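After the C-alpha cells below, expect a handful of questions from me.
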Amino acid sequence: MATYILVPGADGSAWYWHLVVPLLRDHGHTVVTVDLPSEDSAGLDAFADAIVAAVRAAAPEPEGPVVLVAQSLGGFSAPLICDRVPVDRIVLVNAMVPRPGETAGEWWGNTGQAAARSAYAEATGRDPDAGFDPRTDFFHDVPPAVTEEALAAPQAGPPAAVFTQPWPLAAWPDVPTRFLQGRDDRFFPREFQREVVRERLGIDVEELPGGHLAALSRPGELAARLLEEA
C-alpha cells in the first residue's frame, strides 16, 4: 500500500481533493490532505511546515511508497518537504515548476503564461483579451453542483508572501517526477506547459482529459493515474 500526500493549489484547501481521496482509500492506501495557511505573512516555508505537520499527524510512519502530489501553485511548496519526509515519487498536476531563486510572482512573466493563455483563448474561439474569470478559466468542465459548492466557500486566496519568497532549493529534488497536464487547461495551456516542463525538469508531460481543476472535473481519471504509483 502507498501513502499519498495531496497538496492543493492557490486556494490552499484540502477540499479540492475530496473527490479523489475516497478513490485512493478504496484501494487501501493512506491519503494525507492539508489546509494551507492563509495569513498574509505565510510564505513557502509556512506551507512546507503545514504539509509536514499534516503528514506526521496522519501518517507518522508512512506505509509503502510515499507519493507527493502537487496541484498548480503546489509545485512551489510541495518539493520543499522532500528533505523532511521520505518521498519516493512526485506527481505534478497542472503545476507551476519553479527555478532556484525564482518567486511565484516572477514565474508568470518568466514563463510567458499570460501570452500563452491569450493565444490559447484565441485559438479556441474565446476572447484573448478577457480578464481572468474562475468560471471560464477554471470551472468550465467541472460539474455545476461541484462548481457552486466551491464558489460558495470563503475565497481567501493564497497569502501575498507566497509570491515574494524566492524558491529556496538549489535544484529540483532528486526524486522520480511525473507531470500530468490537462489537455483542455485554459489557464496553463498544454503546449505552454510542455515547453516549460521540458526546459525546467527535462521530462515530458503526460496528458489528462479535462482542464485545470482535474481533481474536481475528472477525479476518476486522475485517481487512476495516481494509482499507477502505488
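The values are calculated or read from the model by the stated rules, or taken from the named source; none is laboratory data. Every value quoted in this text rests on a predicted model; they were computed, and no experiment measured them. For neighbour counting, all protein chains shown are included, and Cβ atoms are generated from backbone atoms with ideal geometry for every residue, glycine included.
Across region 187-230, what is the total count of residues that are modelled with pLDDT of 95 or more, over 15 Å from the mean Cα position of the chain (by Cα), assigned to a loop (DSSP other than H, G, I, E, B) and among the aliphatic types (A, V, I, L, M)?
Total satisfying the criteria: 1.
If you don't mind, there's one more thing I want to ask. Residues in region 102-111: is at least one assigned to a loop (DSSP other than H, G, I, E, B), closer than 23 Å to Asp45 by Cα and either in contact (Cβ under 8 Å) with a residue 24 or more places away in the chain or basic (Lys, Arg) (or both)?
Yes, there is a match, as at least one residue in region 102-111 is assigned to a loop (DSSP other than H, G, I, E, B), closer than 23 Å to Asp45 by Cα and either in contact (Cβ under 8 Å) with a residue 24 or more places away in the chain or basic (Lys, Arg) (or both).
Just checking, does region 129-145 include any residue being of a type outside the set (Lys, Arg), within 15 Å of Val97 (Cβ to Cβ) and over 16 Å from the mean Cα position of the chain (by Cα)?
Checked against the condition, which is being of a type outside the set (Lys, Arg), within 15 Å of Val97 (Cβ to Cβ) and over 16 Å from the mean Cα position of the chain (by Cα), region 129-145 yields no hits at all.
While we're here: Among the listed residues Glu195, Glu207, Glu221, Glu228, which satisfies the condition of being farther than 23 Å from His27 by Cα and free of Cβ contacts under 8 Å to residues at least 24 places away in the same chain?
Exactly one residue qualifies, and that residue is Glu195.
At least 1 residues that are surrounded by 18 or more Cβ atoms within 10 Å (Cβ to Cβ) and of a type outside the set (A, V, I, L, M) in each: list the helices (runs of 4 or more DSSP H) lying fully within region 1-95 that qualify.
In region 1-95, the matching helices (runs of 4 or more DSSP H) lie at 44-58, 74-77.
Table: residues versus (1) under 26 Å from Trp17 (Cα atoms); (2) surrounded by fewer than 18 Cβ atoms within 10 Å (Cβ to Cβ); (3) among the hydroxyl-bearing types (Ser, Thr, Tyr).
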residue: Pro134; (1), (2), (3): yes, yes, no
residue: His140; (1), (2), (3): yes, no, no
residue: Arg194; (1), (2), (3): yes, yes, no
residue: Arg198; (1), (2), (3): no, yes, no
residue: Gly202; (1), (2), (3): no, yes, no
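Of everything in region 122-146 that's assigned to a helix (DSSP H, G or I) and in contact (Cβ under 8 Å) with a residue 60 or more places away in the chain, which residue is nearest to His212 (Cα to Cα)?
Filtering region 122-146 for residues that are assigned to a helix (DSSP H, G or I) and in contact (Cβ under 8 Å) with a residue 60 or more places away in the chain, the one nearest to His212 (Cα to Cα) comes out as Asp137.
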